[in-house]
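Have a look at the structure below, then the notes.
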Amino acid sequence: GAGVSQSPSNKVTEKGKDVELRCDPISGHTALYWYRQSLGQGLEFLIYFQGNSAPDKSGLPSDRFSAERTGGSVSTLTIQRTQQEDSAVYLCASSPVRGGSSYEQYFGPGTRLTVT
Amino acid sequence: QQQVKQSPQSLIVQKGGISIINCAYENTAFDYFPWYQQFPGKGPALLIAIRPDVSEKKEGRFTISFNKSAKQFSLHIMDSQPGDSATYFCAASKKTGGGNKLTFGTGTQLKVEL
C-alpha cells in the first residue's frame with residue numbers, strides 16, 4: 001500500500017518567511033511524528049500526535065514552530081519567520097497503535113528546507 | 001546531552017565481511033531499541049528492533065546484540081553486500097507510556113567494497 005508521503009519534497013525560502021510542510025500518514029496509523037535531520041544535530045524529535053490526545057510538543061526548538069493534525073490524518077508543520085538554522089530535512093513518520101502503544105514507525109521521504 | 005552514542009562514524013567493509021556498529025544509551029527507562037537504514041534522499045527505514053528482555057535478535061543477515069547491564073547494543077550485518085552501503089542509525093525510546101519518541105544516534109556511514 002501507499003507509504004507516508006510528504007510535500008513539498010524541496011522548499012527554498014527567504015529568511016523571515018513562513019513555510020508549511022505537509023505529511024500524509026499511512027491510512028489507519030493513529031500516531032504521527034515529526035523529526036528534523038540536520039548536519040549539526042542529527043535526527044531529532046519535534047512533535048508527536050496520537051489520536052485525539054493533546055500533542056507532545058516537547059521537541060519543538062522554539063515557538064516559531066507549530067504543527068497541527070486535522071481529522072486525525074494529515075499533518076502540517078509550520079515554521080514562522082524562518083531562520084538559516086532552520087535549514088534541514090523535515091521527516092514525518094506514522095505508526096500503528098495497538099494496546100495503547102505505538103509500534104514501528106514508517107518514515108516519509110522528507111522535505112528538504114533551505115533558508116537563504 | 002547525547003542520550004544515544006553511536007560508533008563508528010564511518011565504516012568500510014569488504015564484500016562478504018561482517019559490519020559491526022555499536023551504540024550506548026544512558027536512559028534506563030528506554031525499552032525499545034530499533035535500527036534504521038537510510039539511503040541518500042530517502043527517509044529512514046526500520047531494519048530490526050529489540051526489547052530489553054532478550055539479548056539477541058536475528059532477522060536474515062541482520063542481528064542485534066543487546067547488553068542491558070552495560071547499556072549497550074550493536075548491529076551486526078553478516079555477509080555484507082554493496083547494496084548494504086547506506087547510513088545506519090540506532091535509536092532508543094520509551095515505548096510503554098512514553099509515546100515511542102525516538103532518540104537517535106549520530107549515524108554510521110557504511111560502505112561495502114567489492
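What follows draws every value from the coordinates through simple rules; no lab data is involved. Fair warning: this is a prediction, and the values are worked out from it, not measured in the lab. Here the Cβ is made from the backbone with ideal geometry for all residues, glycine too, and neighbour counts use every protein chain on show.
Determine ³J(HN,Hα), in whole Hz, for all residues of region A:2-18 in sequence, where each value follows from phi through the Karplus function 6.51 cos²θ - 1.76 cosθ + 1.60 and θ = phi - 60°; x replaces Gly and Pro. Listing the rounded values in order: 6, x, 6, 10, 9, 9, x, 6, 9, 9, 10, 9, 8, 3, x, 7, 8 Hz. For GluC sites (Glu not before Pro), the sites in region B:14-105 that DSSP calls loop and that have at most 15 other Cβ atoms within 10 Å are B:26.
First measure r as the distance between the Cβ atoms of residue A:84 and residue B:26, then evaluate 1/(1 + (r/R0)^6) with R0 = 30 Å and state the FRET efficiency to the nearest 0.05. Using R0 = 30 Å, I get an efficiency of 0.45.
In sequence order, region A:52-67 has phi-based couplings of 9, 6, 4, x, 8, 9, 4, x, 5, x, 7, 6, 6, 9, 8, 8 Hz under the Karplus curve 6.51 cos²θ - 1.76 cosθ + 1.60, θ = phi - 60°, and Gly or Pro positions carry x. With both residues required to sit in region B:1-111, DSSP beta bridges show an antiparallel share near 90%. The mean number of Cβ atoms from other chains found within 10 Å of a Cβ in peptide B:100-107 is 6, as a whole number.
For the segment B:40-46, counting C-beta atoms of other chains within 10 Å of every residue's C-beta and taking the mean gives 6. Sorting A:36, B:61, A:69 from the fewest to the most surrounding beta carbons within 10 angstrom yields B:61, A:69, A:36. Considering only B:80, B:55, B:19, the mean-square fluctuation computed in a Gaussian network model of chain B, springs between alpha carbons under 10 angstrom, is largest for B:55. Looking at region A:45-116, the GluC sites (Glu not before Pro) that sit in a DSSP loop and have at most 16 other Cβ atoms within 10 Å of their own Cβ are A:104.
Counting only the Cα atoms, the protein assembly as shown fills a convex hull of 129 Å³ per residue.
Within 10 Å of the Cβ of each residue in B:78-88, the mean number of Cβ atoms contributed by other protein chains is 0.
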